[in-house]
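Just so it is clear, none of the values below were taken in a lab; they were calculated from the coordinates. The structure displayed is predicted, hence computed values, not measured ones. So basically every Cβ, Gly included, is an ideal-geometry build from the backbone, and we count neighbours across all protein chains shown.
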């Protein structure tokens, strides 16, 4: 049995992280090479700063239990049929749909795997796309396999079980060499109230799938699971949330829930809010307002990747969007549906911005002007939102100018939104003449605003 000679002792916390560790995000292939070289040296008895002492201690324990760095087959505890029965009776069963909605990547191009184990490290659930599932099959990373330290050696799941903390393992931080192509992030899930360990949540995939958001994403998933468990323990119905719809009885739509649901969205201006049926007005953060504005703009919905690109540019990730969706649902209830993301049927078209559009479409230009009190999410600098803002502004202005209505044009020129519209002012002049006091008053105001802009 291979062994590791004892080097410097001490806990993992006592040794500072190697400065090269940031490369796991900026240059994963380079960091992979460093770790693989360090792995071989540590196995041979050397001490390397790239491998923390806590991991070295885990490697020693694993090999003392018969795990070889060349072994890739984990211990198998149950056959698939028995695992199905274990899932049905496991307390985490109710949280799996929510975790899958938040963290799974099941599309044809899905790149990472969602794993949920029991408190001993046995894999009970495995969710992912075909390609990554095939890669996992080659490692026997399957339901019924024991991914504890004794079952397969040091990995993220075993470290979460051993330390009781969220962990990330990258490349050759795993003991077994066939795992060196993987990056894994795991965290324990505990029973609310008692703190009893129920299992481990793990997200694993090829090295390039690890991002700076991976750990935050997994921690968020643990919070979701533990919140659902707490509700179940107290017999409190879960919110009508797409993320948990498969684990609770069907709930009515937003509008059918009466005063408990969101009735409208206020997206015009710099203080966006959700208005509930009982009159409560809940302020929206800028990011949530931007997301809701984008969702309202497209009936067929948005993918997480599309929203990430629209709001964050090339630095955006689908994981960040999934976390934001969970936060919106936690704050507002069932306002968003999934696959793709879109507003719930009872809320679609229920914003102040959408009311303006509907009034314009119905020819009610005067009422549209009255309702158009401020720009759409006026503090947003996201290009996609700026385009929606410009589109709405042009629609109102063009409708006013084409209306031929003195009342609509004067209302527009009287508003903050239309006060500097020189084309509308020219239209008013044609309708009522250059000597009409109303035209002269608006001309003077327009001139003052134009000079202020110079």
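How many angstrom lie between the Cα centre of region 68-141 and the Cα centre of region 350-377?
With region 68-141 and region 350-377 each reduced to a Cα centre, they are spaced 49 Å.
Classify region 144-217 from the C-alpha gyration tensor, please: rounded if a/c falls under 1.5, else prolate or oblate depending on whether a/b exceeds b/c.
Oblate, since a/c reaches 1.5 and b/c is not below a/b.
Given the convex hull of the Cα atoms of the chain, what is a quarter of its surface area in nm²?
Here the figure is 27.0 nm², rounded to one decimal.
Helix 286-297 versus the longest principal axis of the chain: what angle, 0 to 90°, nearest 10, using Cα atoms?
70 degrees
Per residue of the chain, what 222 nm ellipticity follows from adding -39500 (n - 2.57) for every DSSP H run with n ≥ 4, rounded to the nearest 500?
Rounded to the nearest 500, it is -13500 deg cm²/dmol.
Where both partners of a DSSP beta bridge lie in the chain, what percent of those bridges are antiparallel, to the nearest 5?
95 percent
Using the Cα gyration tensor of region 352-453, with a ≥ b ≥ c the square roots of its eigenvalues, what is the shape: rounded (a/c below 1.5), prolate (a/b larger than b/c) or oblate (neither)?
It comes out oblate by the Cα gyration axes.
Which of 378, 204, 399 comes first, and how do the rest follow, when ranked by fewest Cβ neighbours within 10 Å?
So the residues, fewest neighbours to most, are 378, 399, 204.
Could you list 383, 265, 92 in order of exposure, starting from the residue whose Cβ has the fewest other Cβ atoms within 10 Å?
383, 92, 265
Can you sort 116, 67, 323, 157 so the residue with the fewest Cβ neighbours within 10 Å comes first?
323, 67, 116, 157
Plugging the Kirkwood radius over Cα pairs into Stokes-Einstein for region 260-343, at a temperature of 10 °C and a viscosity of 1.306 mPa s, what D comes out in µm²/s?
122 µm²/s
Going by Cα centres, region 396-411 and region 318-346 are how many Å apart?
About 37 Å separates the Cα centre of region 396-411 from the one of region 318-346.
Based on alpha-carbon positions alone, could you give the equivalent ellipsoid semi-axes of region 70-233 from the gyration tensor, as √(5λ), descending, whole Å?
22, 17, 16
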